[in-house]
Structure formats: structure tokens, C-alpha cells
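Q: A single structure is presented below for examination.
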Amino acid sequence: MKPDSSLQNIALRLEQIHARITAAAHRAARHPADITLVAVSKTHSPDHVRAAVAAGCYTFGENRVQEAAPKIAALQDLPRRPRWHMIGHLQRNKARLAVELFDLIQSVDSLRLAESLNQHAHDLGRRVPILLQVNVSGEVSKEGFALPGGIANHAAYAQLSTEIERILTLPNLEVRGLMTIPPLAEEPEASRPYFRLLRELRTDLARRWPQANWRDLSMGMSDDFEVAISEEATIIRLGRAIFGER
Ligand SMILES: *Cc1c(COP(=O)(O)O)cnc(C)c1O
């Protein structure tokens, strides 16, 4: 049976998900506390967010600035402000608003966008945490810095390295790691090679730029988060598993 999108089951589903995260972490000899669950609330109402907050969830993901802005505004009265992550493609004309709204921008996918975010962060007197979204599959529909095949793709990696070198000099951005979206698949295990490529990239970046922070690996969604945890994901992004079908 497909999960429905009503509010009633959110707490129950979150409880089951936390149990699965804990089990997957233990299988990988990891601490569950090192894995941040982002509840992807795109297309869902502020009341869905409230239900998740009531069940102890404090980090939410949105993929469109225009949708997130009124939702975040409608939730100002919460006793504790949730953390909001931008996980969708960001147009540069929305960069300023994104800097104002989000605690982490996971979907930085070009040098130009990074430079734009840096400028707005400077103007707003802020330092913005970001992840670099990397497309390790080569699937054309996916956003992200193109690195099909991962670090073995020397030409693409040389290009990416030049851009990373530049991004790391931007004073109002704080790089914290990498994000990826694997191709849609039937089997959770089909995502593993892509998660592994991202993990290997992180290891290599940490070796080459040890002064930067490469801690976070944002990978894993409703259908493959346990595989992602076994490949060292520190952030998993779950929509349907929490809120039901969109
Ligand atoms: C929608 C979305 C998710 C959540 O997907 P589910 O399959 O609902 O878990 C995760 N990451 C990104 C970037 C998304 O756009």
C-alpha cells in the first residue's frame, strides 16, 4: 500500500524511519547522531511541517524558493525555528532570497551561482553554508557540477577542481561538503555506485584541500537512504517516506 499524504501518519512514519536510520547506522558501525534527517516538505502544507515538528523533526528541505518563502513565513510562530535546506536548482535571480531564507544551500551547481550567493551573503552581512551538488552519473536531466564517472574522469575532474579552487576563496560562503541525486531506479542498490563515487570524491577533495570542510555527504532519498548510510551519508533527504506520495 502506498503511504497516503494525510497528517495522521507523519509521527508514526517518522518513528519507523528513525528506527531504520539507527539500524542502518549500526550495521555500518556508525553513530545515528551523525546522520541528519531532512524532511522534504516540497508540495506539502505548513500543517504537514507542523505535524513533523510536533513529532520532533527540525530540519526541512524545499526545492523552490517561491514555494518555500510563504511556507517559512507561515511558520514564524513555531516555538523553535526549524532549519531550512535548499535542495533544488537555484536561479541566480533568486539567490538573494535564498540566502535570506535557508540555513544550508545544498544545491550549488555552478561557479557563477556560488559567486552570486557570495555577493548577496556579503551584502547581507552573512556567511552562508553550502554543499556542492555533483552529478556523478552523467544523466543529462540532473543539475550539478558534471563529473560523470567520478574522479576517474580526469578531464571533468580537472575542470571541477579549477572551479572548486575558486569557490574556496569566496569569503562569505562556507563549503561543508557534497550533495548528489542518483538516477531514478527500481532497486535501492542501483544507487550505490553513485553514492560511492561521491564518497570517493569527498575523500580526494579532503586530501587536496584539507583546510576546507568536506564533512557532509548529502545523499539518499526515500527509497535508498539505507544504502546511502552504508556509504557514509551524513544527510539524507526524505519526502515520500515521511509525508506520503506527492
Ligand atoms: C524531492 C526530493 C527529495 C525527496 O525525494 P523522496 O523520493 O520524496 O524522498 C530529495 N532530494 C531532492 C533534491 C528532491 O528534490
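Q: Listed residues Q91, Q119; which is of a type in the set (S, T, N, Q) and either closer than 13 Å to E143 by Cβ or buried (at least 24 other Cβ atoms within 10 Å of the Cβ) (or both)?
A: Exactly one of Q91, Q119 is of a type in the set (S, T, N, Q) and either closer than 13 Å to E143 by Cβ or buried (at least 24 other Cβ atoms within 10 Å of the Cβ) (or both), namely Q91.
Q: Ok, one more. Can you tell me how many residues in the range 28-59 are in contact with a His (Cβ under 7 Å, 6 or more places away or on another chain) and outside any loop (DSSP other than H, G, I, E, B)?
A: We begin by selecting, within the range 28-59, every residue in contact with a His (Cβ under 7 Å, 6 or more places away or on another chain); these are 38, 41, 59.
From the residues that got through so far, the ones that are outside any loop (DSSP other than H, G, I, E, B) too are 38, 59.
Residues in the range 28-59 being in contact with a His (Cβ under 7 Å, 6 or more places away or on another chain) and outside any loop (DSSP other than H, G, I, E, B): 2 in total.
Q: Name the residues in the range 204-246 that are within 18 Å of A23 (Cβ to Cβ), within 8 Å of the ligand (Cβ to nearest atom) and out of contact with any strand residue (DSSP E or B) (no Cβ under 8 Å at 6 or more places or on another chain), would you?
A: Of everything in the range 204-246, those that are within 18 Å of A23 (Cβ to Cβ), within 8 Å of the ligand (Cβ to nearest atom) and out of contact with any strand residue (DSSP E or B) (no Cβ under 8 Å at 6 or more places or on another chain) turn out to be D223, A241.
Q: Taking the stated definitions as given, is I87 closer than 22 Å to L117 by Cα and of a type in the set (V, I, T)?
A: When the stated conditions are applied, I87 passes them.
Q: Residues of the range 19-57 being in contact with a strand residue (DSSP E or B) (Cβ under 8 Å, 6 or more places away or on another chain) and either within 13 Å of the ligand (Cβ to nearest atom) or under 16 Å from T234 (Cβ atoms) (or both), which ones?
A: Across the range 19-57, the qualifying residues are I21, I35, T36, L37, V38, A39, V40, S41, K42.
Q: Do you know which residues across the range 164-186 are surrounded by fewer than 19 Cβ atoms within 10 Å (Cβ to Cβ) and part of a helix (DSSP H, G or I)?
A: Within the range 164-186, E165, R166 meet the criteria.
Q: Suppose we filter the range 187-228 for residues that are part of a helix (DSSP H, G or I), over 14 Å from the mean Cα position of the chain (by Cα) and either of a type outside the set (D, E) or under 23 Å from A152 (Cβ atoms) (or both); how many remain?
A: Matching residues across the range 187-228 total 20.
Only the coordinates and a few stated rules stand behind these numbers; no lab work does. Predicted model, so just to flag it, every value in this text is computed and none were measured. When we count neighbours, we look across all protein chains shown, and the Cβ atoms used for this are built from the backbone with ideal geometry, even at glycine.
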